[in-house]
Structures are given as C-alpha cells and as structure tokens.
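What follows is one structure encoded as structure tokens, with my remarks underneath.
The values are calculated or read from the model by the stated rules, or taken from the named source; none is laboratory data. Computed from a prediction, not measured in an experiment: that's the story for all the values here. In this analysis, Cβ positions are derived from the backbone assuming ideal geometry, glycine residues included, and neighbour counts consider all displayed protein chains.
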Amino acid sequence: MDPQKPTRLGLAAIWFLAFTAVALAGWEQIVRVPAVAAVILRLVLAALVGAGVVGLGLWLSGRTGLGFPALSRLGCPSGPGELPRSWLWPSVLVGVGVGGLGLLTMELAFLRGNPAWLAAWAKEGAWPAWRRLALCYEAGVLEEMLFRLIVLSFVAWALSSFRKAEQVRPPVFWAANVVTAVFFGLAHFSKPFPLSPAEMAGILLLNGAGALAFGWLFWKKGLEGAILAHFTADFVVRVIGHLVV
C-alpha cells in the first residue's frame, strides 16, 4: 500500500473522525460546563488534539505506507481509492469474531468471578443505547488512531530505519504489531476495581489477540478497516451484549 497524500476533502474527513471521537471522549465534562464559552473552549481543544493526532499519524503514514487508502483519496479525480466493499465485509467479520470472543469470555470468566466487574457491567447496561453506541465510536476511532496509526506505524518505521530498509517488510510489520498488541492489552488494565492475576492475563490475551487482528487489517485494508472492525467488536460487546447477558 503506497503512501498517499490526502486530498483536502480526505484530510477534512480524517480530521472530522478524530475531532468527533475526542469530543465524545470528554462529552461528560463538556455538557456539565455551565458557560457557553467554556464549552466552546473544550470543543476547540478537541479540534486541536484531533489535528495533532491526525498530523502525527499522517507524518508516520508517509514513511510507512500505512494509513487511510480510501479516505485519503476522497474527491480525487482518479477515483476514491479502495472501494468500500473491498474492506467492509472482512472488517465486519473480524469485528464480530473479536467481539463474540470477548463477550463469551466476559460471560464465562470475568462476570462470574468478579462481583465488582458484574456491578460495572450492570451500570453500563443501564446507560441509554446511544451512549454505549457513542462509546463504540469513540473507542474504535481514537484507539485505532493512537495504537495502529501512531504506535504501530512508529515502531514499524523505527525498526525499518534500524534495518536501513526503505519499506516495511512483513517480519518488521509483525514485530511492530506484536509490540503494539502488548501495549494495547496493558492499556485495558485500567479498571476501577482490583483484578486478579488470572483476570489480568485474560485481559492481556483477549485484547492482544484483538489488537493483532486490527493490526493485520490496518496493514492489508488501511485504518478504515481497523476502525470498522474495532467499532463492530465493541458494538457486539457493549450494545448487543447487554441484550443477551
């Protein structure tokens, strides 16, 4: 996948994804602020953070060839790039698989063995569906931009530079994908209750496996595919999961 400088429309679309995800991440603080000026300030900060994430990600994309192959070419006279159908269904299927495995593990292990986890699950289930759907979007976009577009791309670029290679070779990519998967798993230890060693191992393995799958999609289908798969996985857990568990 060759590096592709985004069109203006493509750059705007990529920034909009980042901005809306950052804004949703801080929506509770935004809606609780009484002053209109403070709300505007927080939205401006979300816009700046989104621009920073996109800028760094696209800088790395230009050095690794890993990025947004479809969105980058929005409005391009030669075509929109990779057609959605080429990454839509593989991404959805990967997301359903990762989400289904996560939901099954949660039901059989985490919820039955940790009362605090069960209470947190029940609290989330009481949220309106739109809020859980927004959380799926926020996590799908932000986590993929941070862990795949930035962390994975940086590690792949650093390893390629060390090997004095002009392109990211498969062994280098998979080494970067594994390193990123470990960081991704560790980032999910932030629970508001104690975790047993077995639960920590389960979180690391489950999220690490999902990260490897999302990383593979990032490599083969672009970040659009990884975002869609991540969103689908979270949708299975956070929206469908609360209907069946």
Problem set entry | Residue match in the range 153-166 (condition: surrounded by 15 or more Cβ atoms within 10 Å (Cβ to Cβ) and charged (D, E, K, R)) | no
Exercise. Which residue pairs have Cβ atoms closer than 8 Å, lie 6 or more positions apart in sequence or on different chains, and pair a first residue in the range 122-133 that is small (Gly, Ala, Ser) with a second residue that is modelled with pLDDT of 90 or more?
Worked result: GLY125/HIS242; ALA129/VAL239
Exercise. Taking the condition under 23 Å from LEU133 (Cβ atoms), assigned to a helix (DSSP H, G or I) and either in contact (Cβ under 8 Å) with a residue 24 or more places away in the chain or touching a strand residue (DSSP E or B) at 6+ places or on another chain (Cβ under 7 Å) (or both), does PHE154 pass?
Worked result: no
Problem set entry | Residue match in the range 108-118 (condition: polar (S, T, N, Q) and modelled with pLDDT of 90 or more) | no
Exercise. Going by the structure shown, is ALA209 surrounded by 16 or more Cβ atoms within 10 Å (Cβ to Cβ) and either over 27 Å from PHE16 (Cα atoms) or without any contact (Cβ under 8 Å) to a residue 60 or more places away in the chain (or both)?
Worked result: yes
For this session: Go through PRO69, PRO34, PRO80, PRO84 for me and flag whichever is loosely packed, with under 13 Cβ neighbours inside 10 Å and modelled with pLDDT under 90.
Result: PRO34
Exercise. Going through the range 136-148 one residue at a time, which ones are more than 8 Å from the chain's Cα centre (by Cα) and either closer than 18 Å to PHE68 by Cβ or surrounded by fewer than 18 Cβ atoms within 10 Å (Cβ to Cβ) (or both)?
Worked result: TYR137
For this session: Could you figure out which of (1) within 25 Å of ALA119 (Cα to Cα); (2) assigned to a helix (DSSP H, G or I); (3) among the aromatic types (Phe, Trp, Tyr) isn't true of PHE193?
Result: (2)
Problem set entry | Filtered residues of the range 61-76 (kept if assigned to a helix (DSSP H, G or I) and within 16 Å of ALA18 (Cα to Cα)) | SER61, LEU71, SER72
